[in-house]
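Asks: Here it is: the structure, laid out below.
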Amino acid sequence: MDFIEISTPRPQVTVVTLNRPERRNAMSFDVMIPFREALEEVSKDNRTRVVVITGAGDSFCSGADLEDPGVIPNIGGLTVTTIAQRSMELLDDVILALRKMHQPVIAAVNGPAVGGGFCLCTACDIRIASESAFFRAAGINNGLTAAELGLSYLLPRAIGSSRAFEIMLSGRDVTAAEAGEIGLVSQVVPNDTLMSAVFDLADRIIGYSRVGIELTKKMLWSSLDASSLSAHMAHEGTSQLYVRLTTRNFEESVAARKEGRTPEFRD
């Protein structure tokens, strides 16, 4: 059985599905390594304008597989300490692969996003949740730290530091409704309309310039690391001038508005 499923249910949209429903899509190395490889493959697919991440069955991702962690490659001759370090790097690479993707990535959170699954969806660019979804920073419940796979970096930036501290330190569940209220997800929809809501958003994004969308994603992520407002504004300005001066997108937008038609951005 393939633990990762790649599908193209509609033009220019690729869905990458964690396909291990009997284990609630738990994060074993046998799942996460091919998942990272799938992300890298899809990122290079120029036919894909939007990527959707979801889970098979009724769960998004239940976090680390506590029964069978899978096989860690290339560890012959290493000590336990070094194996532990290598294993965390393999998982970190999944989060970094999401961030590096050219296309916007939408997490279709169709059920529990627990532990590493919470980290995974938080690393996506946009999150849309079904009503049955919930989120939990489960490391703290297991006597470990809740700070893993970038969550202590990403979550405060998504919902503010006070809420992030409370959620990560308490180990409590965040319902889909609360996630919508605090801005962790952009939409909460009925279970049976999740994918249609995701595809509606994807279609809207696809209608715009490829280079405009990809650079906007880069600027948004870059803003999280910016040393100052002025430094980031200079970065934004260079990006805007690049698109304005090297494409005819702006002229096409003006012409289409005058003619009452949808613009065709050719970049």
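The values are calculated or read from the model by the stated rules, or taken from the named source; none is laboratory data. Note that the coordinates shown come from a computational prediction; the quantities given were computed from them, not determined experimentally. When we count neighbours, we look across all protein chains shown, and the Cβ atoms used for this are built from the backbone with ideal geometry, even at glycine.
Asks: From the list 246, 216, exactly one residue is touching a helix residue (DSSP H, G or I) at 6+ places or on another chain (Cβ under 9 Å), of a type in the set (S, T, N, Q) and surrounded by fewer than 14 Cβ atoms within 10 Å (Cβ to Cβ). Which is it?
Replies: Values: 216 fails: surrounded by fewer than 14 Cβ atoms within 10 Å (Cβ to Cβ).
After applying the criteria, what remains is 246.
Asks: Follow-up question, since we're still on this one. Given the structure, is residue 167 within 19 Å of residue 129 (Cβ to Cβ), over 17 Å from the mean Cα position of the chain (by Cα) and assigned by TED's automatic domain parsing to the domain that holds residue 43?
Replies: Against the criterion (within 19 Å of residue 129 (Cβ to Cβ), over 17 Å from the mean Cα position of the chain (by Cα) and assigned by TED's automatic domain parsing to the domain that holds residue 43), residue 167 qualifies.
Asks: Take the residues of segment 59-104 that are assigned to a loop (DSSP other than H, G, I, E, B) and of a type in the set (Val, Ile, Thr): which is farthest from residue 219 (Cα to Cα)?
Replies: Selected residue: 79.
Asks: Something else: I'd like to verify a number: residues in segment 15-42 that are out of contact with any Lys or Arg (no Cβ under 8 Å at 6 or more places or on another chain) and either over 18 Å from residue 62 (Cβ atoms) or assigned to a helix (DSSP H, G or I) (or both), how many?
Replies: 17
Asks: Right, next: Scan segment 206-231 for residues that are assigned to a helix (DSSP H, G or I), closer than 28 Å to residue 52 by Cα and without any contact (Cβ under 8 Å) to a residue 60 or more places away in the chain and jot them down.
Replies: Of everything in segment 206-231, those that are assigned to a helix (DSSP H, G or I), closer than 28 Å to residue 52 by Cα and without any contact (Cβ under 8 Å) to a residue 60 or more places away in the chain turn out to be 211, 212, 215, 216, 218, 219, 222, 223, 225.
Asks: Let me ask you something else. Going by the conditions given, is residue 137 of a type in the set (A, V, I, L, M, F, W, C), surrounded by fewer than 24 Cβ atoms within 10 Å (Cβ to Cβ) and under 19 Å from the mean Cα position of the chain (by Cα)?
Replies: no
Asks: Among what's in segment 166-181 and is without any contact (Cβ under 8 Å) to a residue 24 or more places away in the chain and either surrounded by fewer than 14 Cβ atoms within 10 Å (Cβ to Cβ) or in contact with a strand residue (DSSP E or B) (Cβ under 8 Å, 6 or more places away or on another chain) (or both), pick the residue that is nearest to residue 139 (Cα to Cα). I'd like the intermediate steps shown before the answer.
Replies: Kept after step one, since they are without any contact (Cβ under 8 Å) to a residue 24 or more places away in the chain, are these residues of segment 166-181: 166, 178, 181.
If we keep only those that are either surrounded by fewer than 14 Cβ atoms within 10 Å (Cβ to Cβ) or in contact with a strand residue (DSSP E or B) (Cβ under 8 Å, 6 or more places away or on another chain) (or both) too, we end up with 166, 181.
Details: 166: 14, 181: 24 Å.
So the residue we want is 166.
Asks: Also, quick follow-up: Can you find, within segment 140-162, the residue that is surrounded by the fewest Cβ atoms within 10 Å (Cβ to Cβ) among those that are within 21 Å of residue 221 (Cβ to Cβ) and out of contact with any helix residue (DSSP H, G or I) (no Cβ under 6 Å at 6 or more places or on another chain)?
Replies: 161
Asks: In the set 186, 196, which member is surrounded by 14 or more Cβ atoms within 10 Å (Cβ to Cβ), among the hydroxyl-bearing types (Ser, Thr, Tyr) and either touching a Pro at 6+ places or on another chain (Cβ under 8 Å) or at pLDDT 95 or above (or both)?
Replies: Only one candidate qualifies: 186.
Asks: Identify, from the list 68, 58, 92, 30, the residue that is in contact with a Gly (Cβ under 6 Å, 6 or more places away or on another chain), in the same structural domain as residue 112 (by TED's automatic domain parsing) and under 19 Å from residue 138 (Cβ atoms).
Replies: 58
Asks: Residue under question is residue 140, and the condition is that it be part of a helix (DSSP H, G or I) and of a type in the set (Val, Ile, Thr); does it hold?
Replies: yes
Asks: Let me ask you something else. Here is a list: 198, 188. Which entry is outside any helix (DSSP H, G or I), touching a residue at least 12 places away in the same chain (Cβ under 8 Å) and within 16 Å of residue 107 (Cα to Cα)?
Replies: 188
The rows are residues; the columns are (1) more than 15 Å from the chain's Cα centre (by Cα); (2) modelled with pLDDT under 95; (3) surrounded by 15 or more Cβ atoms within 10 Å (Cβ to Cβ); (4) over 30 Å from residue 196 (Cβ atoms).
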residue	(1), (2), (3), (4)
48	yes, no, yes, no
56	yes, no, yes, no
72	yes, yes, yes, yes
82	yes, yes, no, yes
106	no, no, yes, no
119	no, no, yes, no
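Asks: In addition: Please go through segment 1-42 and give me each residue that is crowded, with 18+ Cβ neighbours inside 10 Å and within 15 Å of the chain's Cα centre (by Cα), ordered by number.
Replies: 13, 14, 15, 16, 17, 18, 32, 35, 36, 38, 39, 42
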